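Let me begin by presenting the structure, written as structure tokens, before commenting on it.
The values are calculated or read from the model by the stated rules, or taken from the named source; none is laboratory data. Note that the coordinates shown come from a computational prediction; the quantities given were computed from them, not determined experimentally. Counting neighbours? That spans all protein chains shown, and the Cβs are built from the backbone with ideal geometry, glycine included.
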Amino acid sequence: MALIVETGAIVTGAESYCTVAFADEYHAKRGNAAWDALDDTDAKEPALRKATDYMLAMFKGRWQGTIVDEDQALDWPRYGVIVDGYDVAYDSVPLAVQKACAELAYRASTADLSPDLSQGVLSESVGPISVTYDKSSPQRTRYRAIDAILSPYLKAGGGGCSMGLIRS
């Protein structure tokens, strides 16, 4: 089944923020040869769908602005997004969102973006080998590069309500 890509025109049934061609060019410029070796239909398209699904799950409610149409399939396009003092076109999917989708697709091609979590192991011994896990380490993978790419498009304060401080 062909990948249905959101262009900013509120594409019915959209399932990705970027095309395979965009992701190919993005990864080629970064020397990610493993992406180039993947098959378009059997690996790249599913990876782009998984990346978009991840973005829907992780960033819903954290994006600036509001969706353009209540029936649109994805979180973009959006009204009311301001980056660096400029309005983002309400009939587009920003380049940063496309880049983040391509980055996540690369990761999704080799691993589950949202693996199931299990109870953390504090100590484990097998014969003379012993492992103790750090209690304060995150239980889920955090993609800092993705957070950095998308941060200008997210609400201030990490997603909750934010209010300005007014001094009297």
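What the table shows:
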quantity: All helices (runs of 4 or more DSSP H) inside the range 1-117 with 1 or more residues being touching a residue at least 12 places away in the same chain (Cβ under 8 Å) and among the basic types (Lys, Arg); calculated: 45-59, 95-108
quantity: Of residues in the range 112-147 being of a type in the set (A, V, I, L, M) and exposed (fewer than 10 other Cβ atoms within 10 Å of the Cβ), the one modelled with the lowest pLDDT; calculated: 121
